[in-house]
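The structure appears right after this line, and notes come after that.
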Amino acid sequence: METLKQKALDYTLGILPKDESLLFEAMLEENDEARHSLTEAQEDCARIGLSAQPKSLGKEVKQRILENCQPSLNFDPFLESKPIQNLRTTFSRTTDRYNGGGGCVTLRNINDARLQDEINRLYNDLINLSPLVAGDSDAAAGDMASLHSMLKGIPSFSQSIDSLLTNPISKDKEGDGAQSVYRSLLSSMPSLSFFSDRLNGKSYSMGDVRRLFYLCRDQLKIMRASFDDIDPNRLVEDEKLRLHSAGLLQTKWWGAEHAYFSAQGKVRCGHFFDGPVTERCVEFAEYDANMYCLANLLSPRSSNGEFHMELIKDAVPNCILAIARAETTKGRHDELDQIVNGIKSKSTSLQNDHILWELIEESMLRAHQHSTLSELKNASLFGCHRLENSSYLWFAWPAIENSQGGAVA
Amino acid sequence: MLKIENDIWEKIRDGDSLAFEQLYDGFAGAMFSLSLEILGDRWEAEEVIQDIFAVLWRKPEAYSPKKGKFSSWLLVLTRNRSIDRYRSRKRRLDRGETDEILQSRPDQANKDGAEKATASDEREHLNRAFSNLPPEQRKIIELSYFKGMNQQEIAEKLNLSLGTVKSRTRLGIEKLRNSLSTLRL
C-alpha cells in the first residue's frame with residue numbers, strides 16, 4: 001500500500017519514470033486502491049499549491065482567455081478560393097529547406113554613417129529596455145519607476161523612426177542593406193514605439209508592459225537577423241537549430257493590441273496548429289517580420305479596427321499558410337491590391353506600405369528559392385484576395401519535413 | 001474563493017461559456033499564484049494559465065472525473081506545466097542549479113498589508129501548516145514541488161540517502177494532510 005501511495009505521489013509530481021507511469025495508468029483502470037491513492041496524492045499536492053503567495057491577474061488576461069469562447073474563425077471560403085486551389089496544384093517542396101539568415105547584411109557596410117550609428121543605438125537601447133519589461137521586472141509587478149526613468153532618458157523610438165525614414169533609403173546606394181534597414185524599422189518597430197510611448201505617458205495597462213516585452217524580444221531578433229555584426233555572440237545562439245512552435249506566435253498575437261504608427265488595431269487569432277513553424281531563431285525572426293508586415297498593412301485598413309491572424313498547416317501539402325484577414329471597404333481593398341501588385345501612385349503616403357510588401361516578397365524569394373518575382377506570383381505563393389467584404393493577405397512558408405507534435409523554442 | 005462546484009467541468013464540456021468564466025473568476029488567481037511562484041516570471045505564468053484554459057475549452061475531455069477532483073487536477077496541471085517550463089528554461093540557459101527561486105519564496109509572515117487583506121483564512125491556515133513542518137521535510141517538499149526535482153536529484157543535492165528523501169517526503173505530506181484535513185478544495 002505504501003508503495004502504491006509513493007507511486008501515486010511520484011506520478012502526480014511527474015517524477016515517476018515513463019515505463020512505471022504507463023503501468024500505473026493501466027492500474028488506474030482496474031484498481032480502486034490505485035485510484036484512491038491518486039486522488040489523495042492530487043489533493044495533497046493541490047493543497048501545497050495553495051500555499052503560493054496570492055497574486056492577482058490583470059483584467060486583460062481574463063479578456064484574452066474568454067476569447068476562447070467566441071466562435072471559431074472560418075477560413076474555409078478562403079482555403080477554397082482560386083489562388084489557394086492554384087497553390088495546391090503548383091506547390092512543390094525544395095530539396096534543401098530554407099531556414100533563415102538569407103536577408104542578413106553587415107551593418108558597418110551601410111554607407112550612411114548616421115544610419116549605422118542610429119541602428120546601433122536603437123539596438124543597444126532595446127537591449128537595455130528588455131529586462132525592464134521582462135516578466136520578472138519591477139514593471140511587471142506594477143512598479144514603473146525604473147522603466148519610466150529609462151524611457152525618459154533615451155530619445156523616443158517613434159521620433160527615431162520618423163527621423164530615419166524622412167529620406168528614403170536608396171537601394172542603389174545601400175543595396176541589400178536597404179532591405180535590412182527597412183525590416184528593422186518597419187516590421188515590429190512601429191508597434192514597439194507605440195507601446196513605449198504609451199508606457200512613457202500616463203494612461204497604460206499591465207498588458208502594455210507585456211506587449212512591449214514581446215515586441216522588444218522580436219525586434220532584437222529581427223535586427224540580429226538583419227545585421228550580422230550588430231551582436232555576433234547572440235547571433236550565434238540564434239543560428240542554432242531550435243524548433244519554434246506555432247504556439248509561440250499564437251501566445252503573442254492572441255487578443256493583442258497592435259499599432260502601426262498611429263493606427264491601432266485589435267487582433268483576433270484563429271486556433272493555429274500544434275507544431276513547429278521554423279527551425280532556427282533567424283528563420284523565426286524573418287517569419288515574424290513577415291507577420292508584422294501583414295499586420296501593418298491590414299490593421300490600418302480594417303473597417304472595424306479588428307483583424308484576424310491564422311496559421312494553417314496541411315491545407316496545402318508541405319506548406320504553412322499565414323493569413324491575415326480584415327473587413328475592408330472596396331476602396332481600401334483596392335489600395336491593398338495595388339500595393340501587392342506593385343502599382344505605385346504619385347502619392348508618397350503609401351511609400352512605406354509598398355516597402356512592407358517588398359520585404360515579404362524578398363523573404364518569399366529566399367524561402368522558396370525562386371529567382372524572379374513573376375515565378376513567385378505565378379505560383380500563388382503569396383497575395384491579396386477579396387471575399388465578400390473582407391480582404392485576405394497571405395503568404396505560404398515551406399513546412400518542416402516530418403514535423404510532428406509540439407516544439408519548443 | 002477556491003471552491004469549485006462539482007458540475008462546473010460538465011457545464012464547460014457542454015460549451016457553457018458562463019461556467020468557463022465562473023471557473024476563471026474562482027480559480028485562475030490560485031493557478032496563477034502557483035505558476036508565478038514556480039516560474040518567477042509574470043508573463044510566463046500568464047501563458048501557462050492562458051494555455052490551460054484554452055485546453056479546457058477546446059478539449060475538455062483532457063480531464064475526466066476518474067482523475068480525481070477537478071480543482072485538484074487543475075492545480076496539479078498548473079504545477080506540472082509550470083515545472084516543465086521552468087526545466088525547459090533552465091536547460092535553455094544552461095545555468096547551474098541555484099536556490100534563487102526558493103530563496104525568493106516569500107516568507108508568509110512578511111506579506112504586506114494588501115496581500116494580507118486578500119489572503120483567506122484557509123490560505124493562512126495552509127501557510128501556517130507549511131511553515132510548521134520540520135525544516136528538513138519542508139525543504140524536500142519545496143525542492144520537489146516548486147522546483148520539480150526528482151528524489152534522486154534531491155538526495156544528491158542534500159547529500160541524503162534516497163530512502164531518507166522518500167520517507168521525509170511522505171512524512172511531510174502526511175503531516176500537511178493531517179493539519180489541513182478541514183481545508184476543502
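Tabulated values for the structure
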| item | result |
| --- | --- |
| Positive dipole terminus of the protein assembly as shown, leading residue within A:VAL133, A:VAL181, A:LEU393 (C-beta point charges) | A:VAL133 |
| Violating pairs (Cα-Cα greater than 24 angstrom) within the set A:LYS5/B:LYS59; A:LYS221/A:LYS346; A:LYS18/B:LYS147 | A:LYS5/B:LYS59; A:LYS221/A:LYS346 |
| Cleavage-rule hits (trypsin sites (Lys or Arg not before Pro)) in segment A:194-239: DSSP loop, at most 12 neighbouring Cβ within 10 angstrom | A:LYS202 |
| Kyte-Doolittle mean at least -1.0 and Cα axial length at least 20 Å: DSSP H helices in chain A | A:113-129, A:206-226, A:281-298, A:351-368 |
| Estimated inter-spin distance, A:LEU373 and B:ASP84, nm [label 7 Å along Cα→Cβ] | 4.4 nm |
| Overall form of segment A:38-129 per C-alpha gyration tensor (a/c, 1.5; a/b vs b/c) | oblate |
| Gyration tensor (alpha-carbon) shape descriptor, segment A:102-238, a/c threshold 1.5 | prolate |
| Whole-percent pair-distance distribution, where bins are 10 Å wide, for the alpha carbons of segment A:231-292 | 20, 44, 28, 9 |
| Quotient of C-alpha Rg and 2.2 N^0.38 Å, computed over segment A:2-68 | 1.52 |
| Selected from B:LEU133, A:GLY49, A:ALA324, residue furthest toward positive end of dipole (the protein assembly as shown; charges at beta carbon) | B:LEU133 |
| Extent along principal axes [Cα atoms of the protein assembly as shown; Å; largest to smallest] | 79, 52, 42 |
| Charged-residue dipole, Cβ positions (Lys, Arg, Asp, Glu), segment B:131-185 about Cα centre, Debye nearest 20 | 180 debye |
| Per-residue HN-Hα couplings for segment B:165-179 [Karplus 6.51, -1.76, 1.60; θ = phi - 60°; Hz; x = Gly/Pro] | 4, 4, 5, 5, 4, 5, 4, x, 5, 5, 5, 4, 4, 5, 5 |
| Approximate spin-label separation A:THR90-A:ASP337, in nm, with each point projected 7 Å along Cα-to-Cβ | 1.8 nm |
| Averaged over B:26-33, number of beta-carbon atoms from partner chains that fall within 10 Å | 4 |
| Shape call, segment B:131-185: gyration tensor on alpha carbons, a/c limit 1.5 | prolate |
| Student exercise, the protein assembly as shown dipole from Lys, Arg, Asp, Glu Cβ charges, in Debye to nearest 20 | 480 debye |
| Spatially proximal lysines relative to A:LYS55 (Cα-Cα < 17 Å; intrachain offsets below 8 disregarded) | B:LYS111, B:LYS116 |
| In segment A:320-409, the GluC sites (Glu not before Pro) that fall in loop regions by DSSP, at most 13 other Cβ within 10 Å | A:GLU388, A:GLU401 |
| Cβ-placed point charges (K, R +1; D, E -1), dipole of segment A:111-165 about Cα centre in debye, nearest 20 | 100 debye |
| Radius 15 Å from Cβ of A:GLY101, net charge of other residues (Lys, Arg +1; Asp, Glu -1) | -4 |
| Heavy-atom accessible surface of the protein assembly as shown: percent carbon and sulfur, 1.4 Å | 47 percent |
| Per residue solvent-accessible surface (Å²) - the protein assembly as shown, probe of 1.4 Å | 43 Å² |
| Taking chain A and dividing mean pair separation by its residue count, relative contact order in percent (alpha carbons under 8 Å, at least six apart) | 17 percent |
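The values are calculated or read from the model by the stated rules, or taken from the named source; none is laboratory data. Model, not experiment: these values are computed from the prediction. Virtual Cβ from ideal backbone geometry, glycine too; neighbours counted across all protein chains shown. Please note that ligands, DNA and RNA were not included when accessible areas were found on the heavy atoms of the full protein model with its side chains. Shrake-Rupley method; radii C 1.70, N 1.55, O 1.52, S 1.80 Å.
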